[in-house]
Amino acid sequence: MTIRALVAKRLLVLIATGMAACDRDVQLADVVMVGGPVVTLDEAGVARGIAIRGERVAAVGSEQHMRELIGPDTRVVELEGRSVLPGLADNHLHSIGGGPGVDLSRARSIADVLDAIRARAGETPPGEVVVTNSDWHEGQLAEQRLPYRDDLDRAAPDHPVVVVRGGHEYIVNSAALARWDIDTSTPAVPGGRIGRYVDGRLNGELVDRAKDLVRLPPRPPMDRETEKDELVRSYEVLVSRGLTSVRHPGGSVEQYEMILELEAEGRLPLRVDFLMRAPRTAPREDLLAEMASWPDPDAASRLVRIGGVKHGVDGGFEGGLMREPYEEPWGEGGTFHGLQTVPRETFVEAVRTLNAAGWRVATHAVGDAAIDLVLDGYEAADADASIRDRRWVIEHGFIPREDHFPRMRELGLVVSAQDHLYLAAPSLVEYWGVERAGWTTPLRAYLDAGVPVSLGTDSPVVPYDPWWVLHHFTTRGTISAGVVGVEQRVSREEALRAATEGYAYLTFSEGERGTLGPGMLADLIVTAESYLDCADPCLETMRVDLSMVGGRLVHER
Ligand SMILES: [Zn+2]
């Protein structure tokens, strides 16, 4: 066959398959869902049905119109009043928690915490370190406080105990202080805090950089396949709660490659946006060396995309860097403003270096003074080469101030917000006072200021459930402190938009994700109750009957 004939034949095949595809487009859908509100967040508003073909939404509209697209092979989902929503996303999810340490996630009192530690110590040879998992918070304890050194000494006097709380704090017992030579003469750690009782004795708290005084035993090695299996299991939990996309805020090249492997093996049930972790305090040469091992800043496969680099400048609940001091006694006589975890020059140099190499930066900033520092750094990078179309990110952004908003808009920044207040409200009131706690993560203010914002959990710091997020931001309800900062609540549609469309904007995927118009990816969920009309607090415990990612069913009750 001549080349011309080959080309002609190929053309004919293309036309024929193209026409066949066209025909099917008009007539049939793979899946049709009808009989309940379909919240498209698109021009169609709330439709009564949706049709899916392949990995995309084929049509949305009236029930009758959608029923016309049902063929012999079409799967029909009768909604009977249940809603279809765009798939939810978590903009800041480290892991779903757990791990080989002592499990405190179900502890509800200090006694429960100590019992769990005592039990583990009982099966651990004396002198060996006992470590807890990090996925718990004192907000879940009846006493609403941390367990301290003296508490831990009662539970395990003969073992060094390291209670890991979230990502910013350890609490250790006397044996641990002795093991790592920490006492009242230990010099202060820049960017860290060594906690004390009112009488001056160490209370066991090691915050942020002070954690470096302790060397945790290496985690027992897990073989790669087991690790991958665990990852799949955790992703399956997430899709069962309605998440169709998650963004991992800072990981290693190995973790990224593991997720790519799962995708290649057809085992990845959701979309992952992955951020590389920047070394916090490294000089420029170390950063450049690290960057050499990273993937391309714009690397993307069907389900997995690189979304930038994670950095950080301050502590968390107990170390967010504030313009005004903490409440007493935490304010230490009006002198404690929180913790700056990286020197200004190092941070500014790092973001300029990353910008020059084409990386987007996402920086952990909790307090208002931390946001000042991030904006200064981002402005310095922008002066080298514009970042304005790159959607650089402020992670958390607990305490933005009015003067921050114009600077954020000017730089084209986006805010990655989470529901920390839902869990931690009692501590935040204690550390920062009622007014600052009530302003924490002010979603209403961000939206009114025209700053793009998305939602998530920071799991395992706050458990992964996306329905806690939607409940919290629509009511400002908290687990144990009632409603906090009610003027910052938003409507259910606004919260859903932030969790879906806002996430799509954060990840440069608004052309494909976040809303349910024709042509968009069929990432969607079916909720047991009608999202827009069910009676509060229905969102807090919403059941998800079905989750779909790219037209593929990944969860069904
Ligand atoms: Zn985090």
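The values are calculated or read from the model by the stated rules, or taken from the named source; none is laboratory data. Model, not experiment: these values are computed from the prediction. Here the Cβ positions follow ideal geometry from the backbone for every residue, glycine too, while neighbour counts run over all protein chains shown. SASA here: full protein model, heavy atoms, side chains in, ligands and nucleic acids out. Shrake-Rupley method; radii C 1.70, N 1.55, O 1.52, S 1.80 Å.
Roughly how many nanometres apart are two label points built 7 Å out from the Cα toward the Cβ at Glu379 and Ser62?
About 5.6 nm separates the two model spin labels.
Provide the gained length on full extension for the span Glu487 to Glu261, in nm with one decimal, where the gain is 0.36 nm per separating residue minus the Cα-Cα distance.
Using 0.36 nm per residue and subtracting the Cα-Cα distance, I get 76.8 nm.
Per the 1.4 Å probe, what fraction of the accessible area of the range 431-557, in percent, lies on carbon and sulfur atoms? Please list the in-between numbers first.
Details: 2170 of 4210 Å².
Its accessible area is 52 percent carbon and sulfur atoms.
Which one of Leu104, Leu423, Leu262 is farthest out on the positive end of the charge dipole of the chain, using unit charges on Cβ (Lys, Arg +1; Asp, Glu -1) and the Cα centre as origin?
Projecting each Cα onto the dipole axis, the largest value belongs to Leu262.
Relative contact order for the chain: what percent, with Cα pairs under 8 Å and sequence separation of 6 or more?
After rounding, I find 17 percent.
Extending each Cα 7 Å along its Cβ direction at Ala300 and Ala535, get the distance between those two points in nm, one decimal.
Going by the 7 Å Cα→Cβ label model, 4.5 nm.
Tilt of helix 466-475 relative to the longest C-alpha principal axis of the chain, in degrees (0 to 90, nearest 10)?
80 degrees
Per residue of the range 357-364, in order, report the coupling 6.51 cos²θ - 1.76 cosθ + 1.60 (Karplus, θ = phi - 60°) as ³J(HN,Hα) in whole Hz, putting x for Gly and Pro.
8, x, 8, 7, 10, 10, 10, 5
So for each of 482-489, 246-253 I average, over its residues, the number of other beta carbons within 10 Å; can you give me the resulting order with the highest mean first? If you can, show how the numbers build up before the last one.
Values: 482-489: 15.5, 246-253: 20.8.
Highest-to-lowest ranking by the protection proxy: 246-253, 482-489.
Once every DSSP H run of n ≥ 4 in the chain is given -39500 (n - 2.57) and the sum is divided by its residues, what mean residue ellipticity at 222 nm do you get, rounded to the nearest 500 deg cm²/dmol?
Only helices count here, giving -10000 deg cm²/dmol.
With angles folded into 0 to 90 degrees, how steeply does helix 253-264 sit against the dominant principal axis of the chain? Use alpha carbons for both and round to 10.
30 degrees
Charges only on Cβ, +1 for Lys and Arg, -1 for Asp and Glu: so what's the dipole of the chain about the Cα centre, in debye to the nearest 20? The partial results should precede the final answer.
On the way: 59 positive and 86 negative charges, 242 e Å.
In debye, rounded to 20, the chain gives about 1160.
Give me the one-decimal nm value for the distance between modelled label points at Thr124 and Arg106, 7 Å along each residue's Cα-to-Cβ direction.
About 2.0 nm, to one decimal.
Can you tell me the 0 to 90 degree angle between the C-alpha axis of helix 420-439 and the longest principal axis of the chain, rounded to 10?
Orientation of helix 420-439: about 60 degrees from the principal axis.
Once you list every other residue whose beta carbon is under 11 Å from the beta carbon of Arg120, what net charge do they have if Lys and Arg are +1 and Asp and Glu are -1?
Summing Lys/Arg as +1 and Asp/Glu as -1 gives -3.
Check which residues have an amide H placed less than 5 Å from Arg305's amide H, if you skip close sequence neighbours.
Amide H to amide H, under 5 Å and 5 or more residues apart or across chains, Arg305 pairs with Val272, Asp273, Phe274.
Tell me, what ³J(HN,Hα) does each residue in the range 143-150 have, in order and in whole Hz, if you take phi through Karplus 6.51 cos²θ - 1.76 cosθ + 1.60 with θ = phi - 60° and put x for Gly and Pro?
Karplus values, whole Hz, x for Gly and Pro: 6, 6, 8, 6, x, 10, 3, 5.
Using r as the Cβ-Cβ distance of Arg409 and Glu324, and R0 as 30 Å, what FRET efficiency do you calculate, to the nearest 0.05?
With R0 = 30 Å, the Cβ-Cβ based efficiency is 0.75.
Tell me, what is the per residue accessible area of the chain in Å², probe radius 1.4 Å? Let's see the in-between values first.
Working: 22600 Å² over 557 residues.
So the chain comes to 41 Å² accessible per residue, rounded to a whole number.
Please report the net charge: other residues with Cβ closer than 11 Å to the Cβ of Asp103, K and R +1, D and E -1.
0
With the dipole of the chain worked out from charges on the C-beta (+1 for Lys and Arg, -1 for Asp and Glu) around the Cα centre, which of Gly517, Phe274, Val462 lies farthest toward the positive end?
Selected residue: Gly517.
Can you give me the long-range amide H partners of His364? Hydrogens built in the peptide plane at 1.01 Å from N, cutoff under 5 Å, separation of 5 or more residues or another chain.
His311, Gly312, Val313, Glu395
Show me, for the range 52-69, the HN-Hα J-couplings you get by feeding each phi into the Karplus relation (A = 6.51, B = -1.76, C = 1.60, θ = phi - 60°), rounded to Hz, glycine and proline as x.
Each residue's phi maps through the Karplus curve to give 10, 10, x, 9, 10, 6, 8, 7, 10, x, 6, 4, 4, 4, 5, 5, 5, 8 Hz.
As an exercise, use a Förster radius of 45 Å and the Cβ-Cβ distance of Asp448 and Ala292 to find the FRET efficiency, rounded to the nearest 0.05. Each step should come with its number before you reach the end.
Values: r = 43 Å, r/R0 = 0.95.
Approximately 0.55, to the nearest 0.05.
Under a 5 Å amide H to amide H cut-off, with H placed in plane at 1.01 Å, what residues pair with Glu327 once short-range neighbours are removed?
The list, which skips near neighbours in sequence, is Trp432, Gly433.
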